[in-house]
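Here the structure comes first, spelled out in structure tokens, and everything after it is commentary.
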Amino acid sequence: MDSILKLIGRSEELFAADVTACEREISAAVHASRFLVIGGAGSIGQAVTREIFARNPKLLHVVDISENNMVELVRDLRSSIGYTDGEFATFAIDAGSDIFDAFIASGPGYDYVLNLSALKHVRSEKDPYTLMRMVDVNIFNTDKTMRQAAALGARKYFCVSTDKAANPVNMMGASKRIMEYFLMRRSAELPVSTARFANVAFSDGSLLYGFNRRMEKGQPLSAPNDVRRYFVTPKESGELCLMSALLGENRDLFFPRLDAGANLITFSEIAVRYLRARGYEPVECATEEEARARVDELKARGKWPVYFFASDTSGEKDFEEFYTDRETLDMDRFKTIGVIKNGPSYDAAALEHFESAIRAMRAAGRWSRQELIGLFNQTIPEFAHKETGKFLDGRM
């Protein structure tokens, strides 16, 4: 934890004061409740599951399609925390499937349903088929599982959002913004809360996670030098989600109170810090080809090649923001967490049009990326899709 904090430019855990102040309330709620965590084997899902497990819940069920990550989750919990008094079980099933429908219908019922499943990468918007799956996972599966939770008498539904939903410029962020509208529509049936937060350091598939893989494989590091991001640790991501799920009021949206001056960091700066922490001095190369060619030479001298570049890919936002000037904030309840106070605000006709348009595309068996972008533009008036024709899969 200390090494990650140092890497992202902080000396203390972000939410420690608020978690400590609320610990008695949080622990009592967890111990008395039954939880279902959907997408619980991803990086954030594992962090949330660990926070719940550590507080001895009455029942904890975890669902995820990644069998391997689920195995690691169980091994990690057993090897660190051990066991709980209540029931703990994992299920390697898809939340969008009829198998999941049968599972939840015949299950014990849950007090809290936490949905951490998502297509989270901007690179996922490069083709129409992955984009349609993003619509399924980020929007329709969320709406479906919230309806299922309400029908089974759950007390609360939580679903993770993203900072990229604030003034979105990419389809991933826009899908989460539409998801937030769907949550608002269902909030009359079941209380819901959510969270927008920063990049989770070393989460699966992230650039920092990729740094570890590149070092293991003897490959250069590559990163944009003009994109600034906020970072939280995996533990902090779990704490923020659990705080929102248990303490958030209906339609509340939690976010970390990070300072743009002190906490926004470029990926290239993170790469430099990362290499120095690993005992290597970065050497900036002019091209990808040079960086690939010089690994062995530089490694032998305690150095490592890096290739930094100006970002030019579709949907890449220069900086992060957690809220817009159209949203009402409560900055008094917590020291380190801000809360967006949402009313039940959504355009019912726009959501119905979105659903019917997607159904029509799926029924026809064909759709284009531009059709989906156009539909997103109709649904989100503030959507300003940043299209360059270039995508992250074209980068090292």
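The values are calculated or read from the model by the stated rules, or taken from the named source; none is laboratory data. For clarity, every value in this text was computed on a predicted model and none was experimentally measured. Cβ: placed from backbone, ideal geometry, glycine included. Neighbour counts: every protein chain shown. These area figures cover heavy atoms from the full protein model, side chains too; ligands, DNA and RNA do not enter into them. Shrake-Rupley method; radii C 1.70, N 1.55, O 1.52, S 1.80 Å.
Observations
- Any chance residue 49 is assigned to a strand (DSSP E or B) and over 29 Å from residue 365 (Cα atoms): no
- Filter pass, residue 182 being over 19 Å from residue 47 (Cα atoms), at pLDDT 95 or above, open to solvent by 30 Å² or more (accessible area, probe 1.4 Å) and aromatic (Phe, Trp, Tyr): no
- Filtered by the rule that a residue be charged (D, E, K, R) and in contact with a helix residue (DSSP H, G or I) (Cβ under 7 Å, 6 or more places away or on another chain), segment 86-124 gives 94, 120, 123.
- Hey, residue 78 open to solvent by 40 Å² or more (accessible area, probe 1.4 Å) and touching a helix residue (DSSP H, G or I) at 6+ places or on another chain (Cβ under 8 Å) or not: no
- A search for C-beta distances below 8 Å between a residue of segment 146-163 that is under 29 Å from residue 199 (Cα atoms) and any residue that is assigned to a loop (DSSP other than H, G, I, E, B) and basic (Lys, Arg), counting only pairs 6+ apart in sequence or on different chains, returns 161/196; 162/120; 162/196; 163/196.
- Residue in segment 195-212 that is part of a helix (DSSP H, G or I), surrounded by fewer than 19 Cβ atoms within 10 Å (Cβ to Cβ), in contact (Cβ under 8 Å) with a residue 40 or more places away in the chain and hydrophobic (A, V, I, L, M, F, W, C) present: no
- Residue match in segment 141-155 (condition: farther than 28 Å from residue 326 by Cβ and open to solvent by less than 10 Å² (accessible area, probe 1.4 Å)): yes
- Residues that are over 23 Å from the mean Cα position of the chain (by Cα), closer than 27 Å to residue 166 by Cβ, of a type outside the set (Gly, Ala, Ser) and in a loop (DSSP other than H, G, I, E, B) are absent from segment 272-287 altogether.
- Any hit, segment 261-274, residues being at pLDDT below 90 and out of contact with any strand residue (DSSP E or B) (no Cβ under 9 Å at 6 or more places or on another chain): yes
- Selected residue (criterion: nearest to residue 119 (Cα to Cα)) from residues of segment 53-64 that are within 18 Å of the chain's Cα centre (by Cα) and touching a residue at least 40 places away in the same chain (Cβ under 8 Å): 64
- Test: residue in segment 345-361 that is assigned to a loop (DSSP other than H, G, I, E, B) and free of Cβ contacts under 8 Å to residues at least 12 places away in the same chain: no
- Qualifying residue in segment 351-365 (condition: open to solvent by less than 40 Å² (accessible area, probe 1.4 Å) and of a type in the set (Ser, Thr, Tyr)): no
- Any hit, segment 167-176, residues being part of a loop (DSSP other than H, G, I, E, B), open to solvent by less than 10 Å² (accessible area, probe 1.4 Å) and not aromatic (Phe, Trp, Tyr): yes
- Within segment 362-387, being part of a helix (DSSP H, G or I), in contact (Cβ under 8 Å) with a residue 24 or more places away in the chain and within 14 Å of residue 347 (Cβ to Cβ) holds for 376, 378, 379.
- When residue 20 is tested against the conditions (1) more than 29 Å from residue 271 (Cα to Cα); (2) of a type in the set (Val, Ile, Thr); (3) open to solvent by less than 40 Å² (accessible area, probe 1.4 Å), the lone failure is (3).
- Qualifying residue in segment 250-259 (condition: farther than 30 Å from residue 212 by Cα, part of a loop (DSSP other than H, G, I, E, B) and in contact with a strand residue (DSSP E or B) (Cβ under 8 Å, 6 or more places away or on another chain)): yes
- Residue within segment 25-32 that is surrounded by fewer than 20 Cβ atoms within 10 Å (Cβ to Cβ) and charged (D, E, K, R) present: yes
Condition check ((1) among the aliphatic types (A, V, I, L, M); (2) outside any helix (DSSP H, G or I)) across all residues:
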position: 73; (1), (2): yes, no
position: 76; (1), (2): no, no
position: 90; (1), (2): no, yes
position: 99; (1), (2): yes, no
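- A search for C-beta distances below 8 Å between a residue of segment 22-48 that is at positive phi and touching a residue at least 24 places away in the same chain (Cβ under 8 Å) and any residue that is of a type in the set (Gly, Ala, Ser) and not in a loop (DSSP other than H, G, I, E, B), counting only pairs 6+ apart in sequence or on different chains, returns 39/45.
- Residues satisfying the stated conditions in segment 240-251, i.e. over 13 Å from the mean Cα position of the chain (by Cα) and either crowded, with 20+ Cβ neighbours inside 10 Å or on the phi > 0 side of the Ramachandran plot (or both): 242, 243, 244, 245, 246, 248, 251
- Evaluating residue 291 against the criteria (1) small (Gly, Ala, Ser); (2) open to solvent by 40 Å² or more (accessible area, probe 1.4 Å); (3) closer than 30 Å to residue 220 by Cβ leaves one unmet condition, (2).
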